[in-house]
Amino acid sequence: MKRVLAIILGGGAGSRLYPLTKLRAKPAVPLAGKYRLIDVPVSNCINSDIYKIYVLTQFNSASLNRHISRTYSFSGLHEGFVEILAAQLTSENPNWFQGTADAVRQYLWLFEEFDVDEYLILSGDHLYRMDYSDFIRRHRETNADITISVVPMDERRASDFGLMKIDDSGRVVDFSEKPKGDSLKQMQVDTTVLGLSGDQAKENPYIASMGIYVFKRQVLFDLLRGGPEQTDFGKEIIPNSAGKYNIQAYLFNGYWEDIGTIEAFYEANLSLTKQPQPAFSFYDEKAPIYTRGRYLPPSKILNANVSESMISEGCILKDCRVHHSILGIRSRVEAGAVVEDSLIMGSDYYQPMAERQSNCDQGKIPIGIGANSTVRRAIIDKNARIGCDVQIINKDRVESAEREDLGFYIRNGIVVVFKNATIPDGMII
C-alpha cells in the first residue's frame, strides 16, 4: 500500500452536528468517551498499511490540529505522516471549499507531487472498521478507473441514500439520489455479483454508496481539471463519469454508520454499551482504533451503581447511579446524581480541589454533574458545569429547541449542553 495516498474529507461547518461543532471541526468531535471522529478513518488507514494521510478541513480546526499533532507521530525513519490541510484563499482560489471534489481540487498541486498510483478518498464522520487494502486490491484486479465502496441495503432504508445499479461484472451503470416509489424499484440489483449469498441478496437488493472512493492517479487529475463547476464527488463528478470510465463497486458487508447528525451520533455512541456484543466494538486487538495517549489515572468509583455503561479513564463517581451511558475522560458525578441514556464527554482538565471548594463556597459551579442532579437522554459536551438539583430530562418532550442563551439545544428530543456551558442549580430542562 505504499503506492496509495489517503485524503480524508473533514466536511463543512458541521451544521447537522451543531452545537457539538460550535467550537471544533467535525472530525474533532469526541467519540465513545475518549476518541475523536477522525481517529476512525486514520486508524483504518494505519491498520491497512497506508501511512500517507492528509485531512482536509476549513472550520474551527485548532483542536483538530492539536489532536493530530499529539496523536500521530511516525518514526523519523518512516515516510508516513498525518497532516491537516486547511482551506486557504489565494489569487488562484479565492473561495472556501465548495464541496468534496472542490476541496481535493484546490490541493491537486500538492497531491500531484507524490509518486503514487491511487488516491483513496475518505469521509471523516463515519463509524466502521475496514481493511482498505482489500478495497484497493479489488480496484486493481478489475482495472477500474474509480472504485466505490458500497453497503447492501434493504428497501426500508434504501430511499435515504444515493443508490447505484451494476451490471453482471460489478461495473456501475447508473446512479440515483434518494429515489422513491417506482424509481426506487428500478435501482434493485443482484447483490450476489458482489459476494452476498442468495438469502442476503433477497433481503438487501440495493447498494448504497459509503462515500469512500479509490481513483487512479491520472483519472482524478483529468476529472478535477476538466470542469471546476462540478464540486461534489458523489452527486456530480462520479455519476457524470459512468459512461466514459470503468467504475466498479466494492461490497463492504460490515457495520457502517453515518454519524453526521445529532440523533445518529447519539444512537451510535450508546449502542456501544449493548450486551453481549455491540454492533461495533473498540475491543479488537488486530485492528485497534488509535487515539491520543493521555496517561490518566484509573477511574475511581466510590459506592456508585453503574450498569450497561462505559467509563473512561480518570473519572470520579461518588454515591451516584449511572445506567446505559458513556462517561468521557475526567468525568465527575457527585453524590445523589442519576445519569441515564446519556453521553457525558468529560473534561479537558482537572479542577484543583481548592478551586472546586472555592467555587462551591462562592456559589460557583464546578465542572461535572452536581449533587442530586438527573441527566437523562442527553449529550453533555466537555467542561460543562451542571449544578446541584438540576433536571435535564426534556420535561416537556420538546423535539427541537435552540436556547443558546441558556447553554443548550434540543435535537430530535435529545438535550445537548454546550461545551463550557454552565447550568445553574435547580434548573429544569
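Test Asn253 against the stated conditions and say whether it is touching a Ser or Thr at 6+ places or on another chain (Cβ under 8 Å) and not charged (D, E, K, R).
no
Can you pull out every residue in segment 328-356 that is part of a strand (DSSP E or B) and farther than 15 Å from Gly370 by Cβ?
Within segment 328-356, Glu340, Leu343 meet the criteria.
Tally up the residues in segment 202-224 that are within 23 Å of Met187 (Cα to Cα) and basic (Lys, Arg), please.
Residues in segment 202-224 being within 23 Å of Met187 (Cα to Cα) and basic (Lys, Arg): 1 in total.
I'd like the residue in segment 366-385 that is of a type outside the set (D, E, K, R) and within 16 Å of Asp341 (Cβ to Cβ) and, out of all such residues, is nearest to the chain's Cα centre (by Cα).
Ile379
Is one or more of the residues making up segment 334-357 surrounded by 15 or more Cβ atoms within 10 Å (Cβ to Cβ), polar (S, T, N, Q), under 28 Å from Phe282 (Cα atoms) and in contact with a His (Cβ under 9 Å, 6 or more places away or on another chain)?
yes
Let me spell it out: the conditions are (1) over 24 Å from His67 (Cβ atoms); (2) out of contact with any Leu (no Cβ under 8 Å at 6 or more places or on another chain), and Tyr250 meets all of them except one. Which number is the exception?
(2)
Identify all residues within segment 386-406 that are in contact with a Lys or Arg (Cβ under 8 Å, 6 or more places away or on another chain) and either surrounded by fewer than 16 Cβ atoms within 10 Å (Cβ to Cβ) or outside any loop (DSSP other than H, G, I, E, B) (or both); write none if there are none.
The answer is Ile392, Ser400.
List the residue pairs whose Cβ atoms are under 6 Å apart, where the first residue sits in segment 274-297 and is closer than 23 Å to Phe74 by Cα, the second is polar (S, T, N, Q), and the two are 6 or more positions apart or on different chains.
Once the first residue is closer than 23 Å to Phe74 by Cα and sits in segment 274-297, its partners that are polar (S, T, N, Q) give Ala287/Asn47; Ile289/Ser43; Tyr290/Ser43; Arg292/Thr71.
For Ala6, work out the one condition from (1) under 23 Å from Asp348 (Cα atoms); (2) at pLDDT 90 or above it doesn't fulfil.
Single failed check for Ala6: (1).
I'd like to check something: does segment 66-78 contain any residue that is under 18 Å from Leu122 (Cβ atoms), of a type in the set (A, V, I, L, M, F, W, C) and either under 13 Å from the mean Cα position of the chain (by Cα) or modelled with pLDDT under 85 (or both)?
Within segment 66-78, none of the residues are under 18 Å from Leu122 (Cβ atoms), of a type in the set (A, V, I, L, M, F, W, C) and either under 13 Å from the mean Cα position of the chain (by Cα) or modelled with pLDDT under 85 (or both).
A quick yes/no check of all residues on (1) in contact with a Lys or Arg (Cβ under 6 Å, 6 or more places away or on another chain); (2) at pLDDT below 95; (3) crowded, with 17+ Cβ neighbours inside 10 Å:
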| position | (1), (2), (3) |
| --- | --- |
| Ile262 | yes, no, yes |
| Tyr283 | no, yes, no |
| Lys286 | no, yes, no |
| Ser309 | no, no, yes |
| Ser312 | yes, no, yes |
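Cβ-Cβ distance below 9 Å, separation of 6 or more or different chains: which pairs start in segment 196-223 with a residue that is within 29 Å of Lys244 (Cβ to Cβ) and end on one that is acidic (Asp, Glu) and part of a strand (DSSP E or B)?
Met210/Asp258; Gly211/Asp258; Val214/Glu118; Phe215/Glu118; Lys216/Glu118; Arg217/Glu118; Leu220/Glu118
From the list Gly328, Gly368, Gly363, exactly one residue is of a type in the set (Gly, Ala, Ser) and out of contact with any Ser or Thr (no Cβ under 8 Å at 6 or more places or on another chain). Which is it?
Of the residues listed, the single one that is of a type in the set (Gly, Ala, Ser) and out of contact with any Ser or Thr (no Cβ under 8 Å at 6 or more places or on another chain) is Gly363.
Quick grid of which residues meet (1) touching a strand residue (DSSP E or B) at 6+ places or on another chain (Cβ under 8 Å); (2) of a type in the set (A, V, I, L, M):
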position	(1), (2)
Arg217	yes, no
Leu220	yes, yes
Glu229	no, no
Lys235	yes, no
Asn240	no, no
Asn246	yes, no
Tyr250	yes, no
Trp256	yes, no
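Determine if segment 130-150 includes at least one residue that is at pLDDT below 90, farther than 20 Å from Phe175 by Cα and among the acidic types (Asp, Glu).
no
Would you please name the residue that is nearest to Met130 (Cα to Cα), looking only at residues in segment 280-304 that are among the aliphatic types (A, V, I, L, M) and outside any strand (DSSP E or B)?
Ala287
Could you tell me whether any residue of segment 205-221 is surrounded by fewer than 19 Cβ atoms within 10 Å (Cβ to Cβ), more than 16 Å from Ser149 (Cβ to Cβ) and at pLDDT below 90?
Looking for residues that are surrounded by fewer than 19 Cβ atoms within 10 Å (Cβ to Cβ), more than 16 Å from Ser149 (Cβ to Cβ) and at pLDDT below 90, one finds none in segment 205-221, hence no.
The values are calculated or read from the model by the stated rules, or taken from the named source; none is laboratory data. Note that the structure is a prediction, hence the values are computed from the model and not measured. Every residue, glycine as well, gets a Cβ built from its backbone with ideal geometry; the counts of neighbours run over all protein chains shown.
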